[in-house]
Amino acid sequence: MIASATKPDSSVPPNGATPAGAGAWVVLPTYNEAENVREIAAAILDALPAATLLVVDDGSPDGTGELADELAAFDPRVRVHHRTAKAGLGRAYLAGFRVALDGGAARIIQMDADWSHDPAATPALLAPLEAGSADLVIGSRYTNGGEVVDWGFARRFVSRGGSVFARIVLGLPANDLTGGFKAWRAATLGAVDFAGVHAGGYVFQVEMTYRAQRGGARVREVPITFRDRRVGQSKMSRRIIVEALVVVIQLRWEELRGRGPRRAR
């Protein structure tokens, strides 16, 4: 179910200039983010006044979905897609992507609701798409100018090691394959076979970049500063890490057997 308001949009400036975020949708999955959703939504729409914000809530028991509905009732730029239960980050993103594509999005940003991804960086992610120089833009912690703050050694090792592992096994050029702050050209995202996506957890980020790159997408990284969540608890677990290793190997195995996504010529 999708909730949205019907008030007239007042975000378009009167001077005829193209407002930031025109044609873009921001897909924001949430699960128990009641402490964050109001402020992060406001910050996203401040950075991209003409964007559509789609909150995808997985039946949060803390009332996140209801708070998002209140935002949608107040601001026509906000929409809410309700899912009945938590089924993994990847599945939430795929559901949101489908809604955005069906809604006519030209560009789609994906980001977390916990403030680890800075809303102020969203225009920089969109810029290469708008310039026509990229089809997928990754907000990268591990390219020149990118950084991670507030993480201990173990978390840094898992994140960086996961990207290096996936890069070697799958032969991908990007430095940051495990990050979830991305901007997509709609045609590129729409060309990905959602039904064939294995991943439900955080390895979803690796798999989507892999499928896009194999389909011929021009992938570019822009540096970001990544910060640990402000409030709430991290949803990272050992199960998610194991899933990432298994899925990366599975993707390579399927490709070697001729069952993976076809490479663009």
**Request:** Can you check what the net charge comes to around PRO119, using other residues whose Cβ is under 11 Å from the Cβ of PRO119 (Lys, Arg +1; Asp, Glu -1)?
**Result:** -4
**Message:** Cut-off 10 angstrom, C-alpha nodes, Gaussian network model of the chain. Which of ALA20, ALA191, ALA121 fluctuates the most?
**Reply:** ALA191
**Asked** Counting only the heavy atoms of the protein chains, how much of ILE224 is accessible to a 1.4 Å probe, in Å² to the nearest 10?
**Response** 10 Å²
**Item:** Cβ-defined net charge surrounding THR143, 14 Å radius [Lys, Arg +1; Asp, Glu -1]
**Value:** +2
**Request:** Just reorder THR225, THR30 by solvent-accessible area, largest first, 1.4 Å probe, all chains present.
**Result:** THR225, THR30
**Fill in**
In deg cm²/dmol, rounded to the nearest 500, the helical mean residue ellipticity at 222 nm of the chain, built from -39500 (n - 2.57) for every DSSP H run of length 4 or more, is -11500 deg cm²/dmol
**Asked** Got a number for the accessible area of PHE74? Probe 1.4 Å, square angstrom, nearest 10.
**Response** 150 Å²
**Request:** Give the accessible area for SER159 in Å² (nearest 10); use a 1.4 Å probe, count only protein heavy atoms, and leave out ligands, DNA and RNA.
**Result:** 10 Å²
**Item:** Solvent-accessible area, 1.4 Å probe, carbon plus sulfur percent, for the chain
**Value:** 53 percent
**Complete:** One would report the Cα pair-distance distribution of the stretch 136-207, bin width 5 Å, in %, as 3, 14, 23, 28, 18, 9, 4, 1
**Message:** So if I place +1 on the C-beta of Lys and Arg and -1 on the C-beta of Asp and Glu, and nothing else carries charge, what would the dipole magnitude of the chain be about its Cα centre? I want it in debye, nearest 20.
**Reply:** 1280 debye
**Item:** Karplus-derived 3J(HN,Hα), 6.51/-1.76/1.60, for each residue of the stretch 43-52, Hz, glycine and proline x
**Value:** 5, 4, 6, 5, 6, 10, x, 9, 7, 9
**Prompt:** Of LYS182, LYS86, which has the most accessible area and how do the rest follow, probe 1.4 Å?
**Reply:** LYS86, LYS182
**Kirkwood Rh and Cα Rg combined as Rg/Rh, the chain** = 0.95
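Over the chain, average the accessible area per residue using a 1.4 Å probe and give it in Å², no decimals. If you can, show how the numbers build up before the last one.
Working: 12290 Å² over 265 residues.
Computed with neighbouring chains in place, this is 46 Å² per residue.
The values are calculated or read from the model by the stated rules, or taken from the named source; none is laboratory data. Please read all numbers here as calculations on a predicted model, not as lab measurements. Positions of Cβ are backbone-derived with ideal geometry, glycine not excepted, and every protein chain shown enters the neighbour counts. Please note that ligands, DNA and RNA were not included when accessible areas were found on the heavy atoms of the full protein model with its side chains. Shrake-Rupley method; radii C 1.70, N 1.55, O 1.52, S 1.80 Å.
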